[in-house]
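Please treat every number below as a calculation from the coordinates, not as lab data. Keep in mind the model is a prediction, meaning the values are calculated, not measured. Cβ atoms come from the backbone with ideal geometry, glycine included; neighbour counts cover every protein chain shown.
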């Protein structure tokens, strides 16, 4: 014979710890615990500055590739194309952490022509460009030479230091030119 009758309700003894929730309540308790955990994560993300507003960067972004190619041909610089979209946590993390970084901003503004294509903006040209480059996810960063040929691609989140290191392989620092002073004042 069973110790409990199926028709009797379980009443916990307040002096004993509850070892296991009653059968049908277990799902509800697990659901409430999961919801509490999710709320804690959201709260901590806000408290730690994650997932909040995206700060402005100082990068002179072009918003279409044709404009970027024209500027690259004129300046003889490579093109950096950032394929991004809204509701992309790694994209937003790069916008918060990598692009506002002073070193990254200086690299992009001084050695590249930076182009940002937002695939969630509704711009058909951005989508056509993404399809032409075979972009299947964001963030994806593509580096083109001044003639528009692809020379590098990265399809993942990069921190500011990782992005700076990756960029320098495509546009090294210009050589420093120093003049040699004459030792005797005679130009010959």
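Determine, from the Cβ-Cβ distance of residue 150 and residue 177 and an R0 of 25 Å, the FRET efficiency 1/(1 + (r/R0)^6), rounded to the nearest 0.05. List each step's numbers first, then the result.
Numbers: r = 31 Å, r/R0 = 1.24.
For residue 150 and residue 177, the calculated efficiency is 0.20.
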Which order results if 157, 136, 99 are arranged by neighbouring Cβ count within 10 Å, fewest first? 136, 157, 99
How big is the convex hull of the Cα atoms of the range 59-188, per residue, in Å³? 129 Å³
Descending packing, highest mean Cβ count within 10 Å first, for 86-92, 108-114, 53-59 is 108-114, 86-92, 53-59
